[in-house]
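Bear in mind these aren't lab numbers, they're just calculated from the coordinates by the rules spelled out. Note that the structure is predicted; figures quoted are calculated from it, not measured. Note: ideal-geometry Cβ built from the backbone for every residue, glycine included; neighbour counts use all protein chains shown.
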Amino acid sequence: MSDKPSVLFVCVHNAGRSQMAAGWLRHLAGDTVEVRSAGSEPADQINPVAAQAMREVGIDITDQTPVRLTWDTAEASDVIITMGCGDACPVFAGKRYEDWKLTDPAGQPIDVVRQVRDDIRARVDALLAELQRER
């Protein structure tokens, strides 16, 4: 892993969980971590309820666009965090993988999405602490 590790968050639609995780990591790590997110079947836009939940904590993810997971993006990442993308996520030898079991915020009320947001925050905090120890 380089001085500036690269983390890729992957979920199905790249509109909720992975975008919230990327938003948290960008917010907490600043420019010390390269942050990417992608989806196996990207949606047309960010989930508006996920964006609302993140705005409540001062993080704006509305400028992000869901993108398709590519082989190159995964291969160029040091850490790959999956969130329900199933068999669509490529596996590369030597990469660090984590699979975060999280409720999909799609179609969920704001109270559920807030819980997902807060769970993601705790996981991102732990990930960032580990990355800092490894450097």
Open item on the list: Just to be sure I understand, how many residues within the stretch 26-78 are of a type in the set (Val, Ile, Thr) and within 23 Å of VAL113 (Cβ to Cβ)?
Closed with: 9
Open item on the list: With the structure loaded, tell me whether ALA93 is free of Cβ contacts under 8 Å to residues at least 12 places away in the same chain, small (Gly, Ala, Ser) and not in a loop (DSSP other than H, G, I, E, B) or whether it fails that test.
Closed with: no
Open item on the list: Conditions first: (1) outside any loop (DSSP other than H, G, I, E, B); (2) touching a residue at least 40 places away in the same chain (Cβ under 8 Å). SER77 passes all but one, so which condition is the exception?
Closed with: (1)
Open item on the list: Against the condition farther than 18 Å from ALA122 by Cα, loosely packed, with under 14 Cβ neighbours inside 10 Å and free of Cβ contacts under 8 Å to residues at least 60 places away in the same chain, how does ASP31 come out, does it pass?
Closed with: yes
TODO: Please work out which residue is farthest from LYS4 (Cα to Cα), limiting yourself to the stretch 35-45 and to residues that are over 12 Å from the mean Cα position of the chain (by Cα) and crowded, with 16+ Cβ neighbours inside 10 Å.
DONE: ALA43
- [ ] For residues that are touching a strand residue (DSSP E or B) at 6+ places or on another chain (Cβ under 6 Å) and crowded, with 18+ Cβ neighbours inside 10 Å, tally how many sit in the stretch 88-135.
- [x] 3
Open item on the list: I'd like to verify a number: residues in the stretch 16-50 that are more than 14 Å from ILE61 (Cβ to Cβ), assigned to a loop (DSSP other than H, G, I, E, B) and small (Gly, Ala, Ser), how many?
Closed with: 1
